[in-house]
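The values are calculated or read from the model by the stated rules, or taken from the named source; none is laboratory data. In this text, all values refer to a predicted model and were calculated from it rather than measured experimentally. In this analysis, Cβ positions are derived from the backbone assuming ideal geometry, glycine residues included, and neighbour counts consider all displayed protein chains. Remember, those area values only see protein heavy atoms, side chains included, never the ligands or the DNA or RNA. Shrake-Rupley method; radii C 1.70, N 1.55, O 1.52, S 1.80 Å.
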Amino acid sequence: MVSILPFYAAIAGAIAVLNVYLGKKREKKRNRDLILSDIRRTLSVSVEDMQRFQASVTEHMDNGLEGNPNGMMMLPSFVDRLPTGDERGEYYAIDLGGTNLRVLWVRLGDKIGLVEDKEVRDWPIPEECFDTDNGLLMEWIADKLKEVASVHASPTSRIVVGFCFSFACKQKALNHGELLLWTKNFRGQGLLGKDVVQTLIEACEKRNLSVSIPALLNDTVATLIASRYKDPNTVAGVVLGTGTNCAYIESTDRIKALRKLTNDGKSQDLPSFDANMVVNTEWSDMIPEALPRCEEDLWVDFASNNPGRGLFEKLVSGLYIGEVCRRILYRLADKGGLFENCRLRRGQPHLLHALLQQNTLPAAAVAAIDHDESRALENVAEVLDEYLGIRNVRKRDLQTTQQVCQLVCSRASKLCAAALAAVMERCQASEDPVRVVAVDGSLFANYSAFRKRLEMGLIELVGLDVASNIKLVSVQDASAEGAAFLAAATSEEMN
Ligand code: BGC
């Protein structure tokens with residue numbers, strides 16, 4: 001007689017395996033829902049959150065202006081007179097940003113505000129220059145400046161350069177600035193505490209390049225200047241790109257920190273300044289204590305070149321938002337079964353490996369995911385394939401990916417709106433109620449959903465009437481021109 005026991009045993013075994021499988025699937029589904037609701041809770045920014053954050057920015061601004069910064073440095077720029085458009089002659093600018101170096105030569109012409117001729121050259125910053133300990137950065141910049149100068153000036157003539165440097169510097173004069181902090185991709189101790197203007201002049205002298213650098217300025221200050229050159233209603237300059245920051249025109253009386261900088265607080269007499277001065281807020285370094293942060297924010301900070309600093313920038317700017325999204329997708333894949341059963345591009349050993357690689361999801365990819373309005377979310381699928389090597393993703397997982405990117409972006413733009421609302425309270429309009437904020441950087445220029453949420457956030461905070469007189473104007477690559485204009489204005493004043 002044939003026993004049927006093995007048959008029953010096999011069925012019981014299969015049922016047990018199936019139960020384990022279904023149990024795991026249920027658990028993953030539960031985890032996924034829990035993670036998603038945790039992320040929604042921590043990343044969603046309500047109007048009340050924005051108002052609270054705005055109040056905290058105002059407090060940071062006040063402390064910084066008093067000379068007791070506890071987050072926003074509020075650095076006086078020593079720009080108290082803005083170029084008028086009357087400047088004439090040939091000038092250069094160096095613009096060191098987070099990823100590129102730009103050198104500009106301009107000829108300012110006879111007609112007011114007219115750039116008669118110009119040459120712009122860009123180079124990606126080479127990897128070895130991001131490590132500032134090796135001392136190569138300024139040497140490389142001087143090489144590039146010499147390359148451009150050799151086209152327009154005779155080898156013996158002295159060239160006048162505006163130096164746009166997109167990092168926090170303690171200025172004691174317009175042509176002097178000690179580096180306070182490296183951010184973005186730069187690392188190391190190189191140049192910290194040193195006068196970056198002097199270091200660059202020395203690097204140029206080694207190359208027999210005679211330079212005068214009458215003006216050092218932050219990229220936000222340069223953006224403000226470039227826009228104001230064309231539109232006198234400009235009151236602030238904002239950068240929303242690899243990093244983020246804002247500069248605005250403040251009444252000089254309110255900048256108590258100036259006294260400490262110019263005469264160490266000893267005498268009551270201040271050197272004479274005009275009634276207004278541009279202040280570089282360095283809002284990137286603000287401590288967002290009023291805000292919840294998810295565990296991925298903490299990891300992004302921990303893995304960065306400057307843990308504990310630039311905390312606002314790490315929630316907002318282009319260098320970091322893709323990283324926050326990637327890490328959230330990793331958590332969802334690891335614990336919540338996201339992308340289970342997808343195919344991987346050849347060379348990707350397994351799913352978690354694909355999601356573990358740092359900096360693989362740039363802000364442009366987040367924007368493409370966020371913007372996808374197709375029914376099948378084809379662009380989301382394309383981005384996952386192109387940047388992470390993940391293919392054949394189910395619709396539900398594509399939707400989750402999009403939700404994650406939208407939550408991270410929406411938080412970034414609303415926080416920016418709150419910070420901007422605080423700054424706008426300070427720079428009131430003169431006769432004309434229209435106030436222009438010049439915004440440079442790819443997040444604002446190329447990420448339309450980011451821009452719309454930022455504008456909506458501003459309306460929610462200041463009301464439609466006030467918001468309709470605040471014009472956020474996208475300006476592209478204006479900082480080099482701003483630096484050249486300021487160099488022109490200052491060197492003419494000195495002559
Ligand atoms: C720097 C600022 C700069 C901003 C935008 C930040 O990381 O600290 O000085 O303006 O990036 O480039």
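Condition check: modelled with pLDDT under 95 and either open to solvent by 40 Å² or more (accessible area, probe 1.4 Å) or not polar (S, T, N, Q) (or both). Does residue 428 satisfy that? Judged against the criteria, residue 428 is a match.
Does at least one position in region 256-276 carry a residue that is within 22 Å of residue 443 (Cα to Cα), more than 10 Å from the ligand (Cβ to nearest atom) and in contact with a Ser or Thr (Cβ under 9 Å, 6 or more places away or on another chain)? Within region 256-276, not a single residue is within 22 Å of residue 443 (Cα to Cα), more than 10 Å from the ligand (Cβ to nearest atom) and in contact with a Ser or Thr (Cβ under 9 Å, 6 or more places away or on another chain).
Matching residues to (1) open to solvent by less than 20 Å² (accessible area, probe 1.4 Å); (2) at positive phi; (3) among the basic types (Lys, Arg); (4) out of contact with any Cys (no Cβ under 7 Å at 6 or more places or on another chain):
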{"site": "16", "(1), (2), (3), (4)": "no, no, no, yes"}
{"site": "29", "(1), (2), (3), (4)": "no, no, yes, yes"}
{"site": "34", "(1), (2), (3), (4)": "no, no, no, yes"}
{"site": "71", "(1), (2), (3), (4)": "yes, yes, no, yes"}
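Could you tell me whether region 307-323 includes any residue that is of a type in the set (Lys, Arg) and within 16 Å of the ligand (Cβ to nearest atom)? Within region 307-323, one or more residues are of a type in the set (Lys, Arg) and within 16 Å of the ligand (Cβ to nearest atom). If you take the residues in region 333-363 that are open to solvent by 70 Å² or more (accessible area, probe 1.4 Å) and assigned to a helix (DSSP H, G or I), which one is nearest to residue 303 (Cα to Cα)? Among those that are open to solvent by 70 Å² or more (accessible area, probe 1.4 Å) and assigned to a helix (DSSP H, G or I), it is 356.
Within region 298-306, at least one residue is within 29 Å of residue 256 (Cα to Cα), within 16 Å of the ligand (Cβ to nearest atom) and at pLDDT below 95. Among the conditions (1) farther than 22 Å from residue 165 by Cα; (2) within 16 Å of the ligand (Cβ to nearest atom), the only one that residue 74 does not satisfy is (1). From the list 438, 412, the one residue that fits, being under 25 Å from residue 229 (Cβ atoms), surrounded by 24 or more Cβ atoms within 10 Å (Cβ to Cβ) and hydrophobic (A, V, I, L, M, F, W, C), is 438. Pairs are defined by a Cβ separation below 6 Å, a sequence spacing of at least 6 or placement on different chains, a first member in region 50-73 that is in contact (Cβ under 8 Å) with a residue 12 or more places away in the chain and of a type in the set (A, V, I, L, M), and a second member that is surrounded by fewer than 21 Cβ atoms within 10 Å (Cβ to Cβ) and part of a helix (DSSP H, G or I); the pairs so defined are 65/254.
Exactly one residue among 178, 202 is at pLDDT 95 or above, open to solvent by 30 Å² or more (accessible area, probe 1.4 Å) and in a strand (DSSP E or B), and that residue is 178. Checking each residue in region 249-264 for being over 16 Å from residue 486 (Cα atoms) and in contact (Cβ under 8 Å) with a residue 40 or more places away in the chain picks out 250, 252, 254, 255, 256, 257, 258, 259, 260, 261, 262.
Does residue 183 satisfy being within 13 Å of the ligand (Cβ to nearest atom), open to solvent by 30 Å² or more (accessible area, probe 1.4 Å), closer than 30 Å to residue 302 by Cα and part of a loop (DSSP other than H, G, I, E, B)? Break it down into steps so the answer makes sense when it comes.
On the way: within 13 Å of the ligand (Cβ to nearest atom): yes; open to solvent by 30 Å² or more (accessible area, probe 1.4 Å): no; closer than 30 Å to residue 302 by Cα: yes; part of a loop (DSSP other than H, G, I, E, B): yes.
For residue 183, the condition - within 13 Å of the ligand (Cβ to nearest atom), open to solvent by 30 Å² or more (accessible area, probe 1.4 Å), closer than 30 Å to residue 302 by Cα and part of a loop (DSSP other than H, G, I, E, B) - is not met.
Condition test on residue 409, is it part of a helix (DSSP H, G or I) and in contact with a Phe, Trp or Tyr (Cβ under 6 Å, 6 or more places away or on another chain)? Answer is yes for this residue. Considering region 367-387 alone, what residues qualify as being touching a strand residue (DSSP E or B) at 6+ places or on another chain (Cβ under 9 Å) and open to solvent by less than 10 Å² (accessible area, probe 1.4 Å)? If the condition is that a residue be touching a strand residue (DSSP E or B) at 6+ places or on another chain (Cβ under 9 Å) and open to solvent by less than 10 Å² (accessible area, probe 1.4 Å), then 384 is the only one that fits.
Among the criteria (1) more than 14 Å from the ligand (Cβ to nearest atom); (2) modelled with pLDDT of 95 or more; (3) charged (D, E, K, R), the one residue 172 does not fulfil is (2). Restricting region 272-319 to residues that are over 19 Å from the mean Cα position of the chain (by Cα) and not aliphatic (A, V, I, L, M) leaves a set whose member that is nearest to residue 45 (Cα to Cα) is 292. Please enumerate the residues belonging to region 207-242 that are within 16 Å of the ligand (Cβ to nearest atom) and surrounded by fewer than 24 Cβ atoms within 10 Å (Cβ to Cβ). Of everything in region 207-242, just one residue is within 16 Å of the ligand (Cβ to nearest atom) and surrounded by fewer than 24 Cβ atoms within 10 Å (Cβ to Cβ), namely 242. Here residue 134 fulfils each of the conditions (1) surrounded by 15 or more Cβ atoms within 10 Å (Cβ to Cβ); (2) in contact with a helix residue (DSSP H, G or I) (Cβ under 7 Å, 6 or more places away or on another chain) apart from (1). Applying the set (1) more than 23 Å from residue 166 (Cα to Cα); (2) open to solvent by less than 20 Å² (accessible area, probe 1.4 Å) to residue 84 leaves exactly one unmet item: (2). Among the residues making up region 296-324, a single one is at positive phi and either of a type in the set (D, E, K, R) or crowded, with 24+ Cβ neighbours inside 10 Å (or both): 310. When residues in region 145-174 are screened for being over 30 Å from residue 308 (Cα atoms) and either part of a strand (DSSP E or B) or in contact with a Ser or Thr (Cβ under 8 Å, 6 or more places away or on another chain) (or both), 7 of them pass.
Can you run down the residue pairs with Cβ atoms below 6 Å, 6 or more apart or on separate chains, where the first is in region 153-164 and farther than 22 Å from residue 479 by Cα and the partner is open to solvent by 30 Å² or more (accessible area, probe 1.4 Å)? Matching pairs, first to second residue: 158/210.
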